[in-house]
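A short write-up of the structure that comes next.
The values are calculated or read from the model by the stated rules, or taken from the named source; none is laboratory data. Predicted, not measured: the structure shown is a model, and the values here were computed from it. Ideal geometry is used to build each Cβ from the backbone, glycine not excepted, and the neighbour counts take in all protein chains shown.
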Amino acid sequence: MGKTRTIREARSYVIDLPDFHLAPVSLTFSALVDSLVQAKRFLVRLPDTPLEYNSMYIAADELGAFVHEYGNEMIAGLSAFYDPDPYSQARRMFKGDNIKIKSPQLNMLCGSTPSNLMKFMPEGAWEQGFTSRLLMIFSDERITGDDFAPKTHNHSTDLEHDLRIINSLTGEFEVTEDYRDAVNNWRGAGEIPVPSHPKLLHYVTRRRAHLYKLSMIASIDRGNGLVLTKADFNTAMGWLLEAESAMPEIFKSGSGNADGQAIEEIMYFMQTIDRGQGVAKHKIINFAKDKIPLHSILRIVEILEGSGKIQAIGVDKRTGQQVYKVTKDQ
């Protein structure tokens, strides 16, 4: 809920940062690589050697607007740019014009509805590396407000100032003993609580990497020292567990299909016409034949009865067919 406004707000804070490269919303993988080549940053760090890397940020209100379909080339490339390992690409049209990026890195902030995400990701995708690199944030909270209230601009100058400082920070994070102990204790206990949903099986293997990156975010939010403490571990763990607790709801909310929608419509129809004497089976069939294939109708009725959503309460004397009613707890 509210994903478009959230991403738009995030984009408004970073668009004016020096050397902060935002990717075009819609592009092919070749265009993505070309854009990443141009997203170079060169930092002078006297007396240390200069730092050079290519980093780009994708902020798309809709995942489908950025990646139109699940393609192996694009998905494999996005997975490769998760870590800043050297990348090269040979262009067949231009001999000798091979692309080489010493240290590429890509960040993504994309929105999607659960149903569109389930349609976009084929079943086998949840067993591959791309999905294990995603932190999926789900919320179905509906905030009721006054659409006609005076508009207020909540852009934080303090946050904008902090982001400019963060954007200039370089160097390696130090790890304190208490942070190290917190991580080792968590690992020793089995990294509990471990997400158990089948589609998160491969995500679990990368939880520690997510925890470390969230810890670094917690650290630079706290100060400029580039030091990971137990407080950063606790903050990062809180973020991680909050996200993971809602992840299964994504698959539940996105699992709707034609049969599921037909079931809801059939039950609504039955409740609408029932006058306390139930609904004859032939009326259910006549309604359902315009919603689902004919060969599926009786199976749907069996599913409704077997799941306890409807129950037989008698027989129609005129047709000899069973009469059903929606159970009260539905």
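Answer with yes or no whether Asp181 is of a type outside the set (Phe, Trp, Tyr), part of a helix (DSSP H, G or I) and under 29 Å from Leu51 (Cα atoms). Don't jump to the end; show me each part of the working.
Details: of a type outside the set (Phe, Trp, Tyr): yes; part of a helix (DSSP H, G or I): yes; under 29 Å from Leu51 (Cα atoms): no.
No, not satisfied.
List pairs: first residue in segment 18-38 and of a type outside the set (A, V, I, L, M, F, W, C), second residue part of a helix (DSSP H, G or I) and surrounded by fewer than 16 Cβ atoms within 10 Å (Cβ to Cβ) anywhere in the structure, Cβ distance under 7 angstrom, at least six positions apart or on different chains.
Pro18/Asn167; Ser26/Ala65
What number of residues within segment 207-256 satisfy the criterion of being at pLDDT below 95, of a type in the set (A, V, I, L, M, F, W, C) and in contact with a Pro (Cβ under 8 Å, 6 or more places away or on another chain)?
Here the count works out to 3.
Any idea which residue in segment 194-224 is surrounded by the most Cβ atoms within 10 Å (Cβ to Cβ), counting only those that are outside any helix (DSSP H, G or I) and touching a helix residue (DSSP H, G or I) at 6+ places or on another chain (Cβ under 7 Å)?
Tyr203
Checking Tyr268 against (1) exposed (fewer than 14 other Cβ atoms within 10 Å of the Cβ); (2) modelled with pLDDT of 90 or more; (3) of a type outside the set (S, T, N, Q), which single condition isn't satisfied?
Single failed check for Tyr268: (2).
How about segment 280-305: which of its residues are within 12 Å of Glu265 (Cα to Cα), assigned to a helix (DSSP H, G or I) and not aliphatic (A, V, I, L, M)?
Answer for segment 280-305, where residues must be within 12 Å of Glu265 (Cα to Cα), assigned to a helix (DSSP H, G or I) and not aliphatic (A, V, I, L, M): just Phe287.
Between a residue in segment 279-295 that is free of Cβ contacts under 8 Å to residues at least 24 places away in the same chain and any residue that is not in a loop (DSSP other than H, G, I, E, B), which pairs come within a Cβ distance under 7 Å, given they are 6 or more apart or on different chains?
Ile285/Ile297; Phe287/Ile266; Phe287/Phe269; Lys289/Ile297
Please go through segment 123-154 and pick out each residue that is at pLDDT 85 or above, in a loop (DSSP other than H, G, I, E, B) and within 22 Å of Ile58 (Cβ to Cβ).
Of everything in segment 123-154, those that are at pLDDT 85 or above, in a loop (DSSP other than H, G, I, E, B) and within 22 Å of Ile58 (Cβ to Cβ) turn out to be Arg133, Leu134, Leu135, Met136, Ile137, Phe138, Ser139.
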